[in-house]
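> For reference, the structure I am asking about is given below.
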Amino acid sequence: DAGVTQSPTHLIKTRGQQVTLRCSPKSGHDTVSWYQQALGQGPQFIFQYYEEEERQRGNFPDRFSGHQFPNYSSELNVNALLLGDSALYLCASSLEGRLLEQFFGPGTRLTVL
Amino acid sequence: LAKTTQPISMDSYEGQEVNITCSHNNIATNDYITWYQQFPSQGPRFIIQGYKTKVTNEVASLFIPADRKSSTLSLPRVSLSDTAVYYCLVGDGNTDKLIFGTGTRLQVFP
């Protein structure tokens, strides 16, 4: 079992550009959550997907959007990048009903210049 | 979602037992207490979860008093590799998202 995988590992973009990050959940997991972690801070919840629908959303603007595919993998899209979007983006998977026990991927380090 | 409060940092030495206490005064009846560990540049890792009294696994123990307004994560005989940030979270496993605070930065010295 490969666990949660994310791609790419690192990414450099410029302000105003758009980015897509990808996540494959742990085998058997049906729920995917995305988090943004700035340096020195705890992860901040962006949104959660279950059955290809956004089920919950944190306090992030509409520039942040996502998608879940039938195989449970997920994408996070960020439009009109700002310098403040530079962070580690974490994907976590879990089972429905066990949302507090999440398995995190290694993250994608996004740098916006 | 109940708010949690934990110390910003703690220091210890190898071989000692470390206890990190978290307060969650507004914990709800359906809430569970969950702890995560995070190493630099890695995603958090689930350590332990409990509802009341004591839970133990191969990594840690979790002590929860009867009023459930606090909890203590106990790491027996820490090693240098236990240096990490530890997060305490409280929530309902059926409906809640994870809300991370700033965590407790544990530094283990030789």
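> Hey, which aspartates and glutamates would be in cross-link range of B:K3, C-alpha to C-alpha under 19 Å, not counting anything within fewer than 8 residues on its own chain?
List returned: A:E101, B:D31, B:D67, B:D92, B:D96.
> Between A:T5 and A:E96, what is the FRET efficiency for a Förster distance of 30 Å, r being their Cβ-Cβ separation, to the nearest 0.05?
Values: r = 21 Å, r/R0 = 0.69.
The calculated FRET efficiency here is 0.90.
> While we're on this one: Between rounded, prolate and oblate, where does chain B land on the alpha carbon gyration tensor, with a ≥ b ≥ c its root eigenvalues, rounded for a/c under 1.5, else prolate if a/b exceeds b/c?
On the way: a/c = 1.92, a/b = 1.55, b/c = 1.24.
The shape class here is prolate.
> Can you compute the modelled spin-label distance between B:F109 and B:N30, with each label point 7 Å from Cα toward Cβ, in nm?
4.6
> Next question. Within a 10 angstrom radius of the beta carbon, how do A:V78, B:V85 rank from fewest other beta carbons to most?
Details: A:V78 24, B:V85 19.
The order, fewest Cβ neighbours first, is B:V85, A:V78.
> OK, next. By counting other Cβ atoms within 10 Å of each Cβ, how are B:K54, A:K26 ranked from fewest to most?
Numbers: B:K54 11, A:K26 20.
Placing the least packed residue first, the sequence is B:K54, A:K26.
> Another question, then. Treat the count of other C-beta atoms within 10 Å as a stand-in for reagent exposure and order B:D31, A:D62, A:D30 from fewest to most. Present the calculation step by step, with values, prior to reporting the outcome.
On the way: B:D31 20, A:D62 7, A:D30 15.
Neighbour counts put them in this order, fewest first: A:D62, A:D30, B:D31.
> Over what distance in Å are the Cα centres of segment B:21-86 and segment A:57-113 separated?
The distance from the Cα centre of segment B:21-86 to that of segment A:57-113 comes to 24 Å.
> Here is a follow-up. State whether the protein assembly as shown is rounded, prolate or oblate according to the following rule on the C-alpha gyration tensor (a ≥ b ≥ c being the square roots of its eigenvalues): a/c under 1.5 gives rounded; otherwise a/b larger than b/c gives prolate, and the remaining case gives oblate. Intermediate results must be reported in sequence, preceding the final value.
Numbers: a/c = 1.92, a/b = 1.49, b/c = 1.29.
Taking the square roots of the gyration eigenvalues as a ≥ b ≥ c, the protein assembly as shown is prolate.
> Stokes-Einstein D for chain A at 37 °C, 0.692 mPa s, Kirkwood Rh over Cα pairs, in µm²/s?
On the way: Rh = 13.9 Å.
Value of D from the Cα-based Kirkwood radius: 237 µm²/s.
Where a number appears in this text, it was derived from the coordinates with a stated rule and is not lab data. Since the model is a prediction, treat every value here as computed from it, not as a measurement. Every residue, glycine as well, gets a Cβ built from its backbone with ideal geometry; the counts of neighbours run over all protein chains shown.
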